[in-house]
């Protein structure tokens, strides 16, 4: 009689323990799910702040280049990571359209916080900085002074469609394609040639690019303050 009672007690205890374990596992799963989302959000926020800081560094590097050389650098056109010209500006500045930032010429990072280094010619350009510059301030024959005018028009609009910078007042811009790794909004269909529209704005579900730009008046002012004009 005592043996049967002991067996029943053991079975009841074992069942109760398994039930408790199931409840504990459920609670842990709920807590883990609650923490994962905020941690993921914090990681994206950290990457965005890193990218914004890198763009500010690039902006200063571009202005510094202009102060020294009296022109802005041309985009890089070399696609093969194994050759010496990779990451260096195109010496002929033959690309009158959007290209990639010449990061080695400027001594800055090659890509944003979401990017991946390329190791071969066929690798995608995930996260590499997109760069557009007006030819009259970047050609090897260019020599910026107070009378320099922009021969191309870069137009910058906000995500809501309002114009931020219009006319011939934008000398160059550089941007990150953000977490999704692809240009969004107007940046997805930039125009080559003399007129081009780009887009900036707060991140949304359909737009996550991060754009920095150099206005022509600011460029002239910074160069004048540095005594390079």
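Remark: 46, 118 ranked as 46, 118, counting other beta-carbon atoms within 10 Å and listing the fewest first. Footprinting exposure proxy ranking of 143, 216, fewest other C-beta atoms within 10 angstrom first, gives 143, 216. Applying 1/(1 + (r/R0)^6) with R0 = 41 Å to the Cβ-Cβ distance of residue 29 and residue 191 gives a FRET efficiency near 0.20. Summarising the strand pairing of the range 2-225, around 75 percent of its internal DSSP beta bridges are antiparallel. In the chain, the DSSP-assigned H stretches of four residues or longer account for a calculated mean residue ellipticity at 222 nm of -13000 deg cm²/dmol, using -39500 (n - 2.57) per stretch and the full residue count as denominator. Site pair residue 97 and residue 83 shows an inter-label distance of 1.9 nm when each label is modelled 7 Å from Cα along Cα→Cβ.
Read the figures in this text as sums done on the coordinates, not as results from a lab. The model shown is predicted, which means the values in this text are computed figures rather than measured ones. Cβ sites come from the backbone with ideal geometry, for glycine too, and all protein chains shown count toward neighbours.
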